[in-house]
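Peer 1: Mind having a look at this structure? Questions to follow.
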Amino acid sequence: MIRLSLLFLLIGLGVGCSPPPPPADVLRVGVPALPASWGDPYRAEGGPPAHTWSALFDGLTRLDEVGEVQPALAERWTSLDGKTWVFTLRDGVRFSNGAPVNASAAAATFRWLISPAGRTTIIGARMRDIAAVAAPDARTLILTLQSPDPVLPRRLTSTMIVEPEAWLRLGPAGFAKAPIGSGPFRLERFDERGRRAIMTANPQSWRAPRVAGLEVIELTDEAVRNQALISQHIDLGRVGLDELGLLEARGLSVVTPPSMQVMAIALVTEGRATPLDDVRVRQALNHAVDKGAISQMLLAGRGAPSGQPASRVTAGYDPSIAPYDYDPERSIALLKAAGYGDGFDLAIEGVIGALPADAAIYQAVASYLIAIGVRAEFRPAPYATMVSRNQTGRWDGIDAFANPLTAAPYNDLRKPLETYSCLKPKPFFCDPALTEALIASSSIMDVGQRTLALQRLSRAYHDAAASIYLAEQIDVFGHTPRVKNLVIANRVPVYELIELKNDGPRTP
């Protein structure tokens, strides 16, 4: 069977026959990747999987289009000390199978996440500070923490509430193939061969959609997604920067919301002796890369060069921190001082097609490093492979990997810094002093004091050169004229707001 992405490419080249157009009231979205864990929303966070999970599930809270926390299943919340949080749930909400979304259901989710099995997941690991869960009545959920957490409502935007009976009966693996949530759509089936998630409107949802169906289609190649939009075989998708002019000339619209992330190459320092253990080597790699050229030539000037883990829209961003200067001579001097004047091998892996111009940027980074004597090689890797490496800590065969410092899905610097710390269950970078400072900042309830603490951490991570900082990334979405009311929040479409203007069938 011809892969769907290849079929789209052939259509774009005028080869073969076009398939029949889908129903006019079905929204088709092209994404770089479907979730590796399908309908299990706890084994990844943010990124491409969120396009699927945000259609099926809800959290207690969510972020709006400017990155501020808003009510979702919880209509309000309060805490006097940052340790005991009381959430009041919406009344009358139901899962897609008709079961009530109440405090008991939400409590079941959190109890599983803090169980030994739940803690092995990415989301469960982030819930490790929850000491107790209570549901005194149908609408009240109480989470008691081991230490104060001023941003818990933000952190919960990525914690999806699942239907507890189905989760218990099917187990995580079974639930992944037949998920039940309270989102605007319910799953009909995962088409594993065609790489599609096929959904219909969920009439039980409190976020009732304005279209009858949704198909989320995996198109890993950026050029294929662009062509699929031009041929109107998808209505909406992440696109690249190279063909913006062509897309707009064909009558398509392009939006570029901030992505709350910094594009970076993570440097693996744990689990082996490596040249990257020396901060001078890590700083040399940063000075070797011309971030300004990458921004102007590969990101069309839309992504500012960066030298810190926070983007300009994220709490903790410090405007006084400049990117590392492009200075190859200084890079060479630092390598010699560290004892690596003859260079060393550096294998870099990463997913391509997930961010604008990412393949070209990663290859450019490798070329810059080769110019200072580092024998760098970039190897594309499937999304599932990178998720597995992050979960297991198995970095055999590679020394670095493409790993955006993303504050999504809750737009706080604590999130990316936890990834680059000893708090990560299987860390790739672990500096005890930085981790202690991160833990201390996490309990500061005063907003101003906490912002200053996070800015100090931004400076410390800049100096430690924990990664090769590249540029603030943007998200680029293209859509056809029939898509109306498109809003991007937390890097994904707000599906329930989208309408489809049906002036006739799609262009075949």
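Peer 1: Give me the pairs: first residue in the range 81-101 and surrounded by fewer than 16 Cβ atoms within 10 Å (Cβ to Cβ), second residue aliphatic (A, V, I, L, M), beta-carbon distance under 6 Å, and six or more apart or on different chains, which are they?
Peer 2: Every condition considered, the pairs that remain are Asn97/Ile180.
Peer 1: Let me ask something additional. Could you grab me the full set of residues in the range 287-335 that are acidic (Asp, Glu) and more than 24 Å from the chain's Cα centre (by Cα)? Talk me through it step by step, then tell me what you get.
Peer 2: If we filter the range 287-335 for residues that are acidic (Asp, Glu), which is where we start, we get 290, 318, 325, 327, 329.
If the condition is that a residue be acidic (Asp, Glu) and more than 24 Å from the chain's Cα centre (by Cα), then Asp290, Asp325, Asp327, Glu329 are the ones that fit.
Peer 1: Does the range 71-82 contain at least one residue that is within 26 Å of Thr392 (Cα to Cα) and either assigned by TED's automatic domain parsing to the domain that holds Leu405 or not in a strand (DSSP E or B) (or both)?
Peer 2: Going through the range 71-82, the residues within 26 Å of Thr392 (Cα to Cα) turn out to be none.
For the range 71-82, residues within 26 Å of Thr392 (Cα to Cα) and either assigned by TED's automatic domain parsing to the domain that holds Leu405 or not in a strand (DSSP E or B) (or both): absent.
Peer 1: Scanning for something closer than 24 Å to Thr256 by Cα, in the same structural domain as Leu276 (by TED's automatic domain parsing), of a type in the set (Phe, Trp, Tyr) and in a helix (DSSP H, G or I), does the range 312-331 turn up at least one residue?
Peer 2: No, because not a single residue in the range 312-331 is closer than 24 Å to Thr256 by Cα, in the same structural domain as Leu276 (by TED's automatic domain parsing), of a type in the set (Phe, Trp, Tyr) and in a helix (DSSP H, G or I).
Peer 1: Provide a single number: the residues in the range 114-169 that are touching a strand residue (DSSP E or B) at 6+ places or on another chain (Cβ under 7 Å) and among the charged types (D, E, K, R).
Peer 2: Result for the range 114-169: 3.
Peer 1: Identify, please: which residue in the range 201-222 is among the β-branched types (Val, Ile, Thr) and assigned to a loop (DSSP other than H, G, I, E, B) and is, among those, modelled with the lowest pLDDT?
Peer 2: At the first step, the residues of the range 201-222 found to be among the β-branched types (Val, Ile, Thr) are 211, 216-217, 220.
Subsequent filtering for residues that are assigned to a loop (DSSP other than H, G, I, E, B) retains 211, 220.
Values: Val211: 97, Thr220: 90.
Of everything passing the filter in the range 201-222, Thr220 is modelled with the lowest pLDDT.
Peer 1: Also: Pick from Ala228, Ala197: which is buried (at least 19 other Cβ atoms within 10 Å of the Cβ), in contact (Cβ under 8 Å) with a residue 60 or more places away in the chain and part of a helix (DSSP H, G or I)?
Peer 2: After applying the criteria, what remains is Ala228.
Peer 1: Now for a separate question. Any residue at all in the range 255-278 that's buried (at least 17 other Cβ atoms within 10 Å of the Cβ), touching a Gly at 6+ places or on another chain (Cβ under 9 Å), of a type outside the set (S, T, N, Q) and under 30 Å from Pro481 (Cα atoms)?
Peer 2: Yes, because at least one residue in the range 255-278 is buried (at least 17 other Cβ atoms within 10 Å of the Cβ), touching a Gly at 6+ places or on another chain (Cβ under 9 Å), of a type outside the set (S, T, N, Q) and under 30 Å from Pro481 (Cα atoms).
Peer 1: If you go through the range 338-365 one residue at a time, how many are surrounded by fewer than 19 Cβ atoms within 10 Å (Cβ to Cβ) and over 18 Å from Ala300 (Cβ atoms)?
Peer 2: 9
Peer 1: Of the residues in the range 327-368, how many are out of contact with any Phe, Trp or Tyr (no Cβ under 7 Å at 6 or more places or on another chain), at pLDDT 95 or above and not hydrophobic (A, V, I, L, M, F, W, C)?
Peer 2: Looking only at that region, the number is 14.
The values are calculated or read from the model by the stated rules, or taken from the named source; none is laboratory data. Predicted, not measured: the structure shown is a model, and the values here were computed from it. Virtual Cβ from ideal backbone geometry, glycine too; neighbours counted across all protein chains shown.
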